[in-house]
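What follows is a short report on a single structure.
Just so it is clear, none of the values below were taken in a lab; they were calculated from the coordinates. All figures in this text were calculated on a predicted structure; none of them were measured in a lab. With ideal geometry, Cβ positions are generated from the backbone for all residues, glycine too; neighbour counts draw on all protein chains shown.
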Amino acid sequence: MTGEAPASLPLAGPLFSVDSRREKLFCVDTSTLIYLDRIALLDAVCQTFAPATIAPVLAEFGRAVADLRILPVAPAAPATDDALLAVACEHSGVLLSEDGRLLRRAGRSGLWYYNTLMLISGLCYHGVLGSREGEARIEKLITFARYSNAVRAYGRKVFALVQEDLDRTGAKKENP
């Protein structure tokens, strides 16, 4: 399973599910914590989803985060990325990262995965951000995020799909 939402299919996955967004653990990497903090959406993500991480990620980030669950890792845990992926697999969680290699590994492990660009679409889908606010956060993100042109185009396509879905249904999916 991947974080992809092909244009020919409805939006899918835990990011776009009213039922599983608070039930599934969203295992967050340092890069995503940094990106969310820079665009002032870290609190919104923590309040909308069920985020979790491991102590080494928080050490890299440099500070505690309210509403971010800390999951245990083995004392002789491997590198931070490997440990986070192992924890996400152990909990059948969702992986949140900006590292393309780590995201592809999550996909090969059968996990859903997303980056910050996709999280903005998820926040819009759940009514946490309006369309204009979502677009503004994407524009801010793009000024510093190291996304390829293909990732940027895909993220904009998903954002457009979310907007079409919200326009068609006439309302946000649920109050957070």
Handout entry: Theoretical ellipticity at 222 nm over the chain - DSSP helices of four or more residues, -39500 (n - 2.57) apiece, nearest 500
Key = -14500 deg cm²/dmol
Completion exercise
Binned at 5 Å starting from 0, the alpha-carbon pair-distance distribution of the chain in whole percents comes out as 1, 9, 19, 22, 22, 15, 7, 3, 1, 0, 0
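Decide, for region 103-144, between rounded, prolate and oblate: order the square roots of the alpha carbon gyration tensor eigenvalues as a ≥ b ≥ c, take rounded if a/c falls under 1.5, and otherwise choose prolate if a/b is larger than b/c, else oblate. Before the final figure, lay out the partial values.
Details: a/c = 5.88, a/b = 1.78, b/c = 3.30.
The shape class here is oblate.
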Exercise for the section: Could you tally the net charge around residue 55, taking each other residue with its Cβ under 15 Å from the Cβ of residue 55, Lys/Arg +1 and Asp/Glu -1? Expected result: -2
Exercise for the section: Label region 55-99 by shape, choosing from rounded, prolate and oblate, from the square roots a ≥ b ≥ c of the eigenvalues of the Cα gyration tensor; if a/c is under 1.5 it is rounded, and otherwise prolate applies when a/b is larger than b/c, oblate when it is not. Expected result: rounded
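Which loop-located trypsin sites (Lys or Arg not before Pro) does region 24-122 contain, where loop means any DSSP state but H, G, I, E or B and the Cβ has at most 12 other Cβ atoms within 10 Å? Mind showing how you got there, number by number?
Numbers: sites: 24, 38, 63, 69, 101, 104, 105, 108; in loops: 24, 63.
Answer by residue number: 63.
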Exercise for the section: Tell me the label-point distance for the pair residue 108, residue 90, using the 7 Å Cα-to-Cβ offset, in nm and rounded to one decimal. Expected result: 2.2
Problem - Distance between modelled label sites at residue 149 and residue 167, nm, 7 Å Cα→Cβ extension - result: 2.6
Exercise for the section: Using a Gaussian network model of the chain whose springs link C-alpha atoms within less than 10 Å, name the residue from 78, 56, 14 with the highest mean-square fluctuation. Expected result: 78
